[in-house]
Each structure stands twice: as structure tokens, then as C-alpha cells.
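Structure first, commentary second.
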Amino acid sequence: MAEGGLASNGEPACPETEVPIAEFDPRVYFAAERTMLAWLRTGLTIMAFGFVIARFGLFLKILELQMPRGTSGAHAGLSAILGTALVAAGTLMILAATVQHRSFLATLPAIDRPRKYAGGTLVLLSSLFISAVGAALTIYLAQSAE
């Protein structure tokens, strides 16, 4: 093989071949679904991280009670505020990704959407359920921070 990926006769070593495209090509649909699931996982992870940070404030309060008087205690309020904000951000991220995903699916031609596949409905219901749990958790953390 000569330099630059050319064969000895000057032709490309791997000539481009035309791949016939089937009438039904679900790859775009499934790529969009994988992207939605990645955003769902990311939002859920941010929510979990926010919950851990918010509950870390409780740990700081326990430490403060065990410290001798006159010792400056840690500020647990900042932890609760930051954790609540992260839970809310994760919830909003999931809702925004769901809206974006649904609007993208609406642009796909019917031929590119798989028939008899409940994945889109399952992803939508999962996203809405996790968003509802995230909203409830945000409200709970905001009330318990007071």
C-alpha cells in the first residue's frame, strides 16, 4: 500500500461503496431515545447529588451540637440551599429534555418511527414520574431547610 491510503494503482485502498438505505430506518429514532435516556440519567444523578448535599447539612447540625460551646459551627443552611437547588435543577433538566425529545419526535416522518413500539410512551411516563418525584423532593427539602 502506498502513502496516503492509496493502493499501488493510485485508487483509494477502500473504495466507497453505496449502502442501500432501507425504506424503514429506525436508527434516528433510537438515537434520539438513547439521548433522552442519557439526559434522564444525568438529571437523576444531579438530583441524587443534590439530596446528598442537602442531607449533609443535617450531619453538620449534629456535629455542631456535639462541639463545645463557643466553637464556631459549620453553616448547614448553605448545604440545604445548594442541595435543594441541585434537586430542582435536575428536575428542570429532565423536563426540558422531555419537551425537546417530544418536539424532535414530532419532526420525524412516520416511516422512521417504529410501529408497535412502546418505548416513546415508556420514556415519557418515566420522565414525568421522575420529574414529579423531583418536584416533591424539592418542596420537601425546601420546607425542611427552614
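Observations on the model:
- Any hit, segment 64-78, residues being at pLDDT below 90, at negative phi and basic (K, R): yes
Each row is one residue, and each column tells you yes or no for (1) hydrophobic (A, V, I, L, M, F, W, C); (2) not in a loop (DSSP other than H, G, I, E, B).
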site: L86; (1), (2): yes, yes
site: G90; (1), (2): no, yes
site: I94; (1), (2): yes, yes
site: V99; (1), (2): yes, yes
site: R115; (1), (2): no, no
site: A136; (1), (2): yes, yes
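- Counting only residues that are surrounded by 14 or more Cβ atoms within 10 Å (Cβ to Cβ) and not basic (K, R), segment 98-118 holds 6 of them.
- Taken as a whole, segment 122-133 holds at least one residue that is surrounded by fewer than 16 Cβ atoms within 10 Å (Cβ to Cβ) and either at positive phi or modelled with pLDDT under 90 (or both).
- Residue list for segment 42-69, restricted to those being more than 18 Å from A89 (Cα to Cα) and among the polar types (S, T, N, Q): Q66
- Looking only at segment 18-60, and only at residues there that are surrounded by fewer than 17 Cβ atoms within 10 Å (Cβ to Cβ) and charged (D, E, K, R), the one that is modelled with the lowest pLDDT: E18
- Tally of residues being without any contact (Cβ under 8 Å) to a residue 40 or more places away in the chain and among the aromatic types (F, W, Y) across segment 104-119: 1
- One residue from L122, L141, L128 being touching a residue at least 24 places away in the same chain (Cβ under 8 Å) and closer than 19 Å to T35 by Cβ: L128
The values are calculated or read from the model by the stated rules, or taken from the named source; none is laboratory data. Small disclaimer: the values here were computed from a predicted structure and weren't measured. Because the Cβ atoms are built from the backbone with ideal geometry, glycine has one as well, and the counts that use them run over all protein chains shown.
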